[in-house]
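Remarks on the structure that follows.
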Amino acid sequence: MYISEASLGAISRGGLSLKLNPNEWRVISAATRALTVAKISEIASLSYSTVIDVVKRLGRLNLGVSFVPHHDMLGFQHVFLLFEDYEIKQFPVFTQAVYKLLGRRRYIGVKALVPETRVPDYISAFRREPLYTLRTYEVRHWMPSGRLTKYLPGLNIVVPTMEKLGEVLAESRVPRKPRERKWVDWVDLVVLYFKMKYVYTKLSDMTNLVRENFRIEPPSRQLMSYHYRTHVVNFWSHNKINFRLNPELAPLKVYIFNGKEGESAARTLIEAPYMHEALVGESSAVILGQSPSHLERLIYEVIYLTAPEMPFGALLAVDEHEYPWLSARVIEYYRARGEYPDPEEEFFPMGS
């Protein structure tokens, strides 16, 4: 580890790290591999009641756990678009997040999860040519098991480490193998939507959630249970840990890497804490993460060792809005026709 002992105390006191006690660390480490709280208890070797208490406490701290499917099995692609800054009042359905970015110029970044058959329509819905486009099935998230991650139980903090950097770099040049696409039923889509928000959402609670979020008559509890057990579980890749540091102390940044070494840089950096998500395409990648000062050296070491093309430099997110991704209309359309509507037929208002 390259951080001095003197600095670790300052990091612990200064709000520049994820602070978790040992039981909390064991729970989130197990949660990435567990679809139920009971499974967390088994993996972490903690009592069920202790895990329940920890999960509730982490929820109050805005630390959540989300189901991540194999998107290629679903027939969905991750899309990231970068535009020159312009006044925009709405975004097409399937949009996940929009970022106002600052670099050599001002930009708008758009992240979306789009049916592969509708990606061209999604891009054309903006009525202007993006400066940069990424389409990919490969998405990676930071995991507590990341080899560039170290938990210090004495201080209860999570910090970066370079001890296994060579190992991670060597493996980063190997892409993930694509998976065969499977049929997705509309009930699968409904269950996936809420599990992708919070993996431990009970199926018994989804009836009200469907009514509140989509204003449609929900599938029966029994039908959702059947689809979850026989279909949705088979789409599962892992769970991601959702959290943010104070953005004023550790601002969100977007790194766009080009070239084969760009893929390697993204696959490497996502093993470090506070790098939240990596979208890795062919000779191109986007990674979103926060950059507390103690992470900066590792970031620059990886950039130095891989030398990716960085056409836009590191982009600072000065504003961020999340969007619901799916809508009642999409679900009803897919239920009736077995295909997804044109994104141009429905838009989310800016900031909704």
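General observations
- Computed over the stretch 20-71, relative contact order equals 31 percent, with contacts defined as Cα pairs under 8 Å that lie 6+ residues apart.
- Relative contact order of the chain: 27 percent, from C-alpha pairs under 8 Å at least 6 residues apart in sequence.
- Those trypsin sites (Lys or Arg not before Pro) in the stretch 212-280 that DSSP places in a loop and that have at most 14 other beta carbons within 10 Å: R215, R244
- Over the chain: helical MRE at 222 nm, DSSP H runs n ≥ 4 each giving -39500 (n - 2.57), nearest 500: -10000 deg cm²/dmol
- With 0.36 nm allotted per residue and the present C-alpha distance subtracted, the A6-D53 stretch has 13.6 nm of extension available.
- Residue range of the chain that is longest and free of GluC sites (Glu not before Pro) which are both DSSP loop and sparsely packed (at most 13 other C-beta within 10 Å): 1-86
- Across K150/K253; K164/K195; K111/K195; K197/K253, pairs whose alpha-carbon gap is larger than 31 Å: K164/K195
- Which labelled figure in (i) 61, 52, 35; (ii) 103, 42, 37; (iii) 84, 36, 36 is Cα extents along the principal axes in Å, once derived from the coordinates: (i)
- A 1.4 Å probe run over the stretch 69-203, with the rest of the protein chains in place, finds 44 Å² accessible per residue.
- Euclidean distance between Cα centres, the stretch 170-239 to the stretch 22-89, Å: 14 Å
- Nearest-0.05 FRET efficiency for L102 and E167, computed from C-beta distance (R0 41 Å): 0.75
- Model label zone, R297; criterion: amide N under 15 Å from point 7 Å along Cα-to-beta-carbon; scope the stretch 4-23: 4-11
- To put it simply, the accessible area of the chain at a 1.4 Å probe is 49 percent carbon and sulfur.
- Across the stretch 181-336, the relative contact order, built from alpha-carbon pairs under 8 Å that are at least six residues apart, equals 24 percent.
- The distance between label points at L131 and N23 comes to 4.9 nm (points 7 Å beyond Cα on the Cα→Cβ vector).
The values are calculated or read from the model by the stated rules, or taken from the named source; none is laboratory data. Predicted, not measured: the structure shown is a model, and the values here were computed from it. Reconstructed Cβ throughout: ideal geometry from the backbone, glycine too, with neighbour counts over all protein chains shown. Just the protein is used for accessible areas: all its heavy atoms, side chains included, with ligands, DNA and RNA removed. Shrake-Rupley method; radii C 1.70, N 1.55, O 1.52, S 1.80 Å.
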